[in-house]
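S.K.: Sending over a structure as structure tokens; questions will come in a sec.
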Amino acid sequence: MSSAYTTTTNKLKITELDFDKIKSALKTYLSGQTEFSGYDFEGSGLNILLDVLAYNTHYNAFYINMLASEMFIDSATLRSSIVSIAKQLGYTPSSRKGSTINLDLTITGSGSSVRIPKNTKFTTSIGSGVYTFLTTETLVADQDSLESGTYTLNGVVVREGLFTTSTFTAEGIENEKFTIPSADVDLDTLAVSLGGETYSKATDITQITANSKVYFVQEGRQEKYEVYFGDGVVGKAPETADQIQLQYNLSMLGSEGNGAKTFTFADSVTGVTAITATISSGFTRSIAGSERETAANIRANAPREFQMQKRIVTTDDYRARILNDYGSIEAVRVWDGAELDPPEYGRVYIAAKPTSGLKLSAAEKYRIKRELIKSRSMVTIDPIIVDPDYLTILLDCSVTYDPRQTTRTEDDVKAVVRNAIANYSSTTLNKFDEIYRNSVLTRTIDDSEISIKNSATSLTLMRSFAARFRSLANYMITFENPLHHPHDGHQSILTSDPFNIPGFTNVQLFDLDGQVFIRRGLGSESTGTSKFPRANVGTIDYANGVVDMQLNITGLPRSVNEIRLYARPDRKDLTGAKTVITTIDSTNSTIRMIKETDVIESQQVQGYAGGY
Amino acid sequence: MPLIKTYNDLDLDFSAHPNTGNISTKKDADAVVRSVRNLLLMNHFDKPFHPEVGSNITRHLFEPMTVATTLRLETDIKNVINNFEPRVRLSEVRVQAVESENGYKISLTFFIVNEEVERQTVFFLERYR
């Protein structure tokens with residue numbers, strides 16, 4: 001048969017992966033022989049065999065490609081593959097975490113003291129559901145005064161979740177693992193006992209001996225965590241028929257548990273008739289609940305964690321640790337105090353934006369500093385958590401739409417546009433050092449509703465600062481972008497919230513050719529008659545977007561100590577800064593809807609008039 | 001009458017040649033007729049990645065035995081041969097319902113391209129279950 005192959009086309013191409021290309025290569029190969037000439041017709045027997053061969057080759061190629069992809073953390077897609085590779089880097093994906101808060105408890109009961117056991121229940125309402133928060137340790141409260149029948153406990157930590165116990169019997173086999181049956185476990189609450197003895201989580205393998213009572217935990221199949229023990233060399237091994245008890249909380253809400261504010265005692269405790277719970281000072285709502293780590297996060301965090309070796313040294317370490325371990329942080333910026341002018345040696349500054357809201361509460365800052373940073377950072381370093389600076393963009397949008405092409409009302413279309421703006425802000429901006437691109441936002445607005453024909457947007461920048469009352473103070477505000485000033489004598493592009501100065505109330509800032517002035521605003525009262533009570537209180541650098549002022553502020557009409565400064569930028573694309581979060585205030589942005597029919601009628605009227 | 005071009009194909013029955021023991025082959029008109037039969041018995045999605053190939057005529061076996069079904073069978077047979085068997089020029093497709101046997105007698109009359117002899121093949125289409 002080999003003599004039938006008469007041409008040089010019998011070199012089979014082996015680089016193709018696609019079914020049709022593989023089959024085509026096989027046909028090319030067969031074209032070099034005369035034994036079977038019917039291979040190129042869909043109904044022929046040989047063609048059907050070629051189908052089988054090409055399908056099999058394609059199947060194997062696909063399988064091998066997937067296999068190779070799943071072997072590397074960069075290209076793996078299955079969570080189990082990513083987790084397995086992360087395991088080699090000593091990384092355990094973080095579990096779901098229950099939201100926590102500190103409560104002050106006022107207890108009524110009997111006896112000289114009362115004991116509030118671990119896992120005492122408090123309930124709270126979130127949405128339409130009622131959820132449980134549990135105390136994390138057993139506490140004893142002494143009577144406030146003799147025979148008073150009241151007891152006080154301050155700063156009691158409660159954590160969202162349902163208390164659960166799983167019991168196993170060891171078979172004594174090699175590599176025996178005990179799977180926690182729910183994927184919603186909050187690993188921070190896991191307590192393990194073996195044969196009645198409490199075991200602790202293994203943290204430093206160099207300190208573990210053959211008799212160390214430690215357990216290990218890893219993510220196993222179906223996203224469930226597995227607990228396992230030592231092998232008798234590194235950690236004490238369980239013996240046949242040993243009873244293993246795992247106690248843990250199941251977090252029913254994860255990150256959705258954040259924000260709870262009112263808590264009600266919902267348990268029965270010996271000697272206690274009632275407990276009134278109020279939120280401890282420094283807390284405003286429950287915090288730090290988070291979802292289990294996603295595959296994408298594991299892919300990003302596992303190599304970073306390996307580089308950090310469980311220590312926080314570089315600024316990237318701080319960033320990775322906070323983003324990884326603190327679920328309600330959206331963006332973090334860290335800088336070395338030595339880079340400041342004047343330098344502050346031994347300090348690391350951390351600016352963090354929470355997922356909801358603009359600033360972290362004092363309790364959240366304390367928790368991050370105490371739990372996440374101090375235990376791993378260098379002893380001599382003092383981490384300081386500050387609020388991030390925001391550069392807020394206020395939009396003035398004119399949106400032309402055709403009401404004949406939508407069933408939505410004008411208000412509905414406006415709401416869609418406002419949502420599109422908010423969505424662009426949350427997904428593209430809201431981080432440090434991000435760039436606002438006007439054309440992208442305009443396209444987003446145009447694509448948000450089918451009836452929208454076009455849109456035009458003008459921008460105003462807003463920065464806010466806190467006033468230092470009753471003293472002449474320097475204020476330097478930077479807008480990070482050039483400000484609009486095409487020529488001398490151009491109208492003012494700077495304005496501000498009203499504030500009070502000696503002798504005048506409700507005055508505002510404005511600019512003229514590089515100088516900053518104060519003028520009386522609406523409702524301004526004064527002892528004098530001057531419309532411009534203070535001239536030249538500072539300078540404005542249009543090219544760099546910097547306003548430098550000296551002000552003696554005596555009061556504010558608003559209850560919040562915040563003065564907002566508004567300016568018009570020179571460009572429509574805005575660059576961010578490393579220390580500033582750029583965001584769009586979609587709520588206070590103006591959206592004007594123009595009906596396409598109005599535009600057409602207006603043009604027709606103009607055209608008609610022009611004919612005469 | 002010899003064909004100008006010869007066609008050789010594997011016999012998917014995979015029977016052994018009585019003399020040589022090699023797998024037997026189909027040649028010329030036999031190869032083409034076998035190809036036509038394969039196409040007729042092939043359903044859509046039988047061929048990997050090419051769901052359009054095939055006649056899908058077996059679906060008609062579960063329909064009421066009416067004139068309309070017979071006509072649809074004819075149309076499907078014509079389409080599959082015209083679309084996927086360029087070696088054949090159809091003369092006639094006759095589909096005859098045989099109610100007593102719950103099946104259709106299908107008779108194809110065709111020319112093989114470049115051949116002057118008209119050929120006919122007849123087969124019976126019936127349900128297995």
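The values are calculated or read from the model by the stated rules, or taken from the named source; none is laboratory data. Predicted model only: the values in this text are computed from it and were never measured. Here the Cβ positions follow ideal geometry from the backbone for every residue, glycine too, while neighbour counts run over all protein chains shown. For accessibility, only protein heavy atoms count, side chains too; no ligands or nucleic acids. Shrake-Rupley method; radii C 1.70, N 1.55, O 1.52, S 1.80 Å.
S.K.: In nm, to one decimal, how far is the modelled label at A:Ser464 from the one at B:Thr58, with both set 7 Å along Cα→Cβ?
M.R.: In this crude label model, A:Ser464 to B:Thr58 measures out at 7.2 nm.
S.K.: Scan the range B:1-98 for chymotrypsin sites (Phe, Trp or Tyr not before Pro) in coil per DSSP, keeping those whose Cβ has at most 10 other Cβ atoms within 10 Å, and list them by number.
M.R.: Listed in order of number, the matching sites are B:Phe14.
S.K.: Calculate the all-directions average of the projected area of the range A:120-161's alpha-carbon convex hull, and give it in nm².
M.R.: On the way: hull surface 15.2 nm².
Over all viewing directions, the range A:120-161 projects a mean Cα-hull area of 3.8 nm².
S.K.: Largest first and in whole Å, give the semi-axes of the range A:365-432's equivalent ellipsoid, each being the square root of 5 times a Cα gyration tensor eigenvalue.
M.R.: Values: eigenvalues 426, 31, 14 Å².
After diagonalising the Cα gyration tensor, the semi-axes are 46, 12, 8 Å.
S.K.: Let me ask you something else. Given N residues in the protein assembly as shown, what is Rg(Cα) / (2.2 N^0.38 Å)? Numbers along the way, then the final one.
M.R.: Details: Rg = 39.5 Å, N = 741, 2.2 N^0.38 = 27.1 Å.
My calculation over the Cα atoms of the protein assembly as shown gives 1.46.
S.K.: How many nm is it between the label spots at A:Asp20 and B:Tyr128, if each spot is 7 Å from the Cα in line with the beta carbon?
M.R.: For A:Asp20 paired with B:Tyr128, the spin-label model returns 3.1 nm.
S.K.: What average number of partner chain Cβ atoms lie no more than 10 Å from the Cβ of the residues making up B:42-55?
M.R.: 3
S.K.: Gain in length, A:Glu562 to A:Lys27, computed as 0.36 nm per residue apart minus the alpha-carbon separation, to one decimal in nm?
M.R.: On the way: separation 535, 0.36 × 535 = 192.60 nm, distance 7.67 nm.
Value of the extension gain: 184.9 nm.
S.K.: Under a Cβ-Cβ cut-off of 11 Å, what is the net charge of the residues other than A:Lys365 that fall near it, where Lys and Arg count +1 and Asp and Glu count -1?
M.R.: Net of charged neighbours comes to +2.
S.K.: What FRET efficiency comes out for A:Lys177 versus A:Leu78 if R0 is 22 angstrom and r is the Cβ-Cβ distance? Round to the nearest 0.05.
M.R.: Working: r = 20 Å, r/R0 = 0.90.
Rounded to the nearest 0.05, the efficiency is 0.65.
S.K.: I would also like to ask the following. Taking all pairs of different Cα atoms in chain B, averaging 1/r and flipping that mean, what Kirkwood radius in angstroms comes out? Walk me through the numbers on the way to the answer.
M.R.: On the way: mean 1/r = 0.0626 Å⁻¹.
Taking the inverse mean of 1/r over all distinct Cα pairs, chain B comes out at 16.0 Å.
S.K.: A further question follows. Can you tell me the accessible area per residue over the range A:409-568, all protein chains present, probe 1.4 angstrom, in square angstrom? The partial results should precede the final answer.
M.R.: Details: 7750 Å² over 160 residues.
On a per-residue basis, the range A:409-568 sits at 48 Å².
S.K.: So for chain A, averaging the separation of alpha carbon pairs under 8 Å that are six or more residues apart and normalising by length, what relative contact order in percent results? Let's see the in-between values first.
M.R.: Details: 1278 pairs, mean separation 68.8, N = 612.
Once divided by the residue count of chain A, the mean separation gives 11 percent.
S.K.: Which one, A:Gly155, A:Ala183, A:Thr198, is farthest towards the positive end of the dipole of the range A:154-307 when Lys and Arg carry +1 and Asp and Glu -1 on their Cβ?
M.R.: A:Gly155
S.K.: Which of the GluC sites (Glu not before Pro) found in the range A:192-274 are in a DSSP loop and have at most 12 neighbouring Cβ atoms, other than their own, within 10 Å?
M.R.: Working: sites: A:Glu197, A:Glu219, A:Glu223, A:Glu226, A:Glu239, A:Glu256; in loops: A:Glu239.
Answer by residue number: A:Glu239.
S.K.: Now, a different point. Give the residues of the range A:443-460 whose amide nitrogen is closer than 16 Å to a point set 7 Å from the Cα of A:Asp412 in the direction of its Cβ.
M.R.: Under 16 Å, as judged by backbone N against the label point of A:Asp412, lie A:448-452 of the range A:443-460.
S.K.: Multiply the residue separation of A:Ser200 and A:Met66 by 0.36 nm, subtract the distance between their alpha-carbon atoms, and state the gained length in nm to one decimal.
M.R.: Values: separation 134, 0.36 × 134 = 48.24 nm, distance 3.89 nm.
Here the segment from A:Ser200 to A:Met66 would lengthen by 44.3 nm.
S.K.: Only four residue types carry charge here, +1 at the Cβ of Lys and Arg and -1 at the Cβ of Asp and Glu. Report the dipole size of the range A:1-153 about the Cα centre in Debye, rounded to the nearest 20. Please list the in-between numbers first.
M.R.: Numbers: 12 positive and 14 negative charges, 39 e Å.
Computed about the Cα centre, the dipole is about 180 debye.
S.K.: Related question: If I take the Cα coordinates of the range B:27-71 and project them onto the principal axes, what are the three extents in Å, biggest first?
M.R.: Cα spread of the range B:27-71 along its principal axes, largest to smallest: 38, 27, 13 Å.
S.K.: How big is the B/A interface in buried accessible area, both sides summed, 1.4 Å probe, to the nearest 100 Å²? The partial results should precede the final answer.
M.R.: Details: alone 8510 and 32320 Å², together 39170 Å².
Accessible area lost upon association: around 1700 Å².
S.K.: I would also like to ask the following. If I take R0 = 60 Å and measure r between the Cβ atoms of B:Ser15 and A:Arg443 in this structure, what FRET efficiency does the formula 1/(1 + (r/R0)^6) give, to the nearest 0.05? Before the final figure, lay out each step's value.
M.R.: Numbers: r = 67 Å, r/R0 = 1.11.
The formula returns an efficiency of 0.35 here.
S.K.: Here is a further query. State the number of lysine pairs found in the range A:1-160 whose Cα atoms come within less than 17 Å, restricting to pairs 8 or more positions apart or on distinct chains. Walk me through the numbers before you get to the answer.
M.R.: On the way: A:Lys11/A:Lys21; A:Lys11/A:Lys23; A:Lys11/A:Lys27; A:Lys13/A:Lys21; A:Lys13/A:Lys23; A:Lys13/A:Lys27.
Going through the range A:1-160 pair by pair, I get 6.
S.K.: Tell me the mean residue ellipticity at 222 nm calculated for chain A from its helices only (DSSP H runs of n ≥ 4, each -39500 (n - 2.57), averaged over every residue, nearest 500).
M.R.: Details: 9 runs with 123 residues, N = 612.
Result for chain A, helices only: -6500 deg cm²/dmol.
S.K.: For the range B:27-118, which GluC sites (Glu not before Pro) are in a loop by DSSP, counting at most 15 other Cβ atoms within 10 Å?
M.R.: Values: sites: B:Glu52, B:Glu74, B:Glu92, B:Glu99, B:Glu101, B:Glu115, B:Glu116, B:Glu118; in loops: B:Glu52, B:Glu115, B:Glu116.
Those satisfying the criteria are B:Glu52, B:Glu116.
S.K.: Largest first and in whole Å, what are the equivalent-ellipsoid semi-axes of the range A:199-273 based on the Cα gyration tensor, each being the root of 5 times an eigenvalue?
M.R.: 34, 18, 13
S.K.: Okay, next question. Relative to 2.2 N^0.38 Å, what does the C-alpha radius of gyration of the range A:400-465 come to as a ratio? Two decimals please.
M.R.: Details: Rg = 13.5 Å, N = 66, 2.2 N^0.38 = 10.8 Å.
Ratio of Cα Rg to 2.2 N^0.38 Å: 1.25.
S.K.: Of A:Ala338, A:Ala260, A:Gln309, which is farthest on the positive side of the dipole of the range A:216-343, counting Cα position, with +1 on Lys and Arg Cβ, -1 on Asp and Glu Cβ, and the Cα centre as origin?
M.R.: It is A:Ala260.
S.K.: Compare B:Leu71, B:Leu40, B:Leu12 in a GNM of chain B, Cα atoms joined below 10 Å, and give the one with the largest fluctuation.
M.R.: B:Leu12
S.K.: What is the spin-label model distance, in nm, from A:Ser281 to A:Thr427 if the labels are put 7 Å beyond Cα along the C-beta direction?
M.R.: 4.5 nm
S.K.: What is the range A:218-346's relative contact order, in percent, from Cα pairs under 8 angstrom and six or more apart in sequence?
M.R.: Values: 97 pairs, mean separation 20.4, N = 129.
Contact order relative to length: 16 percent.
S.K.: What do you get when you divide the Cα radius of gyration of the range A:6-127 by 2.2 N^0.38 Å, with N the number of residues? Could you put the intermediate results ahead of the total?
M.R.: Working: Rg = 32.5 Å, N = 122, 2.2 N^0.38 = 13.7 Å.
Cα-based Rg divided by the globular estimate yields 2.38.
S.K.: Next question, about the same structure. Given H placed on each backbone N at 1.01 Å, which residues far from A:Gly555 in sequence or on other chains put an amide H within less than 5 Å of it?
M.R.: Residues meeting the amide H criterion: A:Asn500.
S.K.: Per residue of the range A:203-218, in order, report the coupling 6.51 cos²θ - 1.76 cosθ + 1.60 (Karplus, θ = phi - 60°) as ³J(HN,Hα) in whole Hz, putting x for Gly and Pro.
M.R.: Ordered by residue, 3J(HN,Hα) equals 10, 10, 5, 6, 9, 8, 10, 5, 9, 5, 8, 10, 10, 10, 9, 8 Hz.
S.K.: In the range A:180-302, what percentage of the DSSP-assigned beta bridges are antiparallel, given to the nearest 5?
M.R.: On the way: 15 of 17 bridges.
Taking every DSSP beta bridge within the range A:180-302, about 90 percent pair in antiparallel fashion.
S.K.: What are the ³J(HN,Hα) values, in whole Hz, obtained from phi via the Karplus relation 6.51 cos²θ - 1.76 cosθ + 1.60 with θ = phi - 60°, for each residue of the range A:258-264 in sequence order, with x given for Gly and Pro?
M.R.: 6, x, 6, 10, 10, 10, 10
S.K.: Also, I was wondering about something else. Each residue of the range A:562-571 in turn: what ³J(HN,Hα) in whole Hz from Karplus with 6.51, -1.76, 1.60 and θ = phi - 60°, glycine and Pro shown as x?
M.R.: 7, 10, 9, 10, 10, 8, 9, x, 7, 10
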